[in-house]
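*Asks:* One structure coming up, written as structure tokens, with questions to follow.
The values are calculated or read from the model by the stated rules, or taken from the named source; none is laboratory data. Keep in mind that this is a model prediction, so the values were computed, not measured. As a convention, Cβ positions derive from the backbone with ideal geometry for all residues, glycine included, and neighbour counts pool all protein chains shown. These area figures cover heavy atoms from the full protein model, side chains too; ligands, DNA and RNA do not enter into them. Shrake-Rupley method; radii C 1.70, N 1.55, O 1.52, S 1.80 Å.
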Amino acid sequence: MNELLKTKLFSLLSESSQVTNKEMQNAYDDFVEQVKTLNQSETDHLEVFRALSTTRIEIIFLDSYHQYGQGEKCA
């Protein structure tokens, strides 16, 4: 399972409640550290690529989901 998707950042992005800028900044900083750790600890580059690709897909989904909820056109 992709550990990056279990980070606080994705939890905050998935919630519909209000989030402070400080909470989001802290969650983002933690996410960046997780990415660094993954890149340093994983020796199989294919696994790193898969984890980052899955994370990218989830970010795109969350972006389109939030745009849809705001009445914007999804690309």
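*Asks:* Of the conditions (1) among the hydrophobic types (A, V, I, L, M, F, W, C); (2) open to solvent by 80 Å² or more (accessible area, probe 1.4 Å); (3) at pLDDT 80 or above, M1 satisfies every one except a single condition; which number is it?
*Replies:* So the condition that M1 fails would be (3).
*Asks:* In addition: How many residues are without any contact (Cβ under 8 Å) to a residue 24 or more places away in the chain and in contact with a helix residue (DSSP H, G or I) (Cβ under 8 Å, 6 or more places away or on another chain) when one looks only at segment 17-36? Write out each step before concluding.
*Replies:* We begin by selecting, within segment 17-36, every residue without any contact (Cβ under 8 Å) to a residue 24 or more places away in the chain; these are 17-30, 32-33, 36.
Among the residues that remain, those that are also in contact with a helix residue (DSSP H, G or I) (Cβ under 8 Å, 6 or more places away or on another chain) are: 19, 23-24, 26-28, 30.
Qualifying residue count for the region: 7.
Every residue, every condition in (1) in a helix (DSSP H, G or I); (2) under 15 Å from the mean Cα position of the chain (by Cα); (3) surrounded by 13 or more Cβ atoms within 10 Å (Cβ to Cβ), yes or no:
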position	(1), (2), (3)
L5	yes, yes, yes
S16	no, no, no
K22	yes, no, no
Y28	yes, yes, yes
V32	yes, yes, no
K36	yes, yes, no
L46	yes, no, no
S53	yes, yes, no
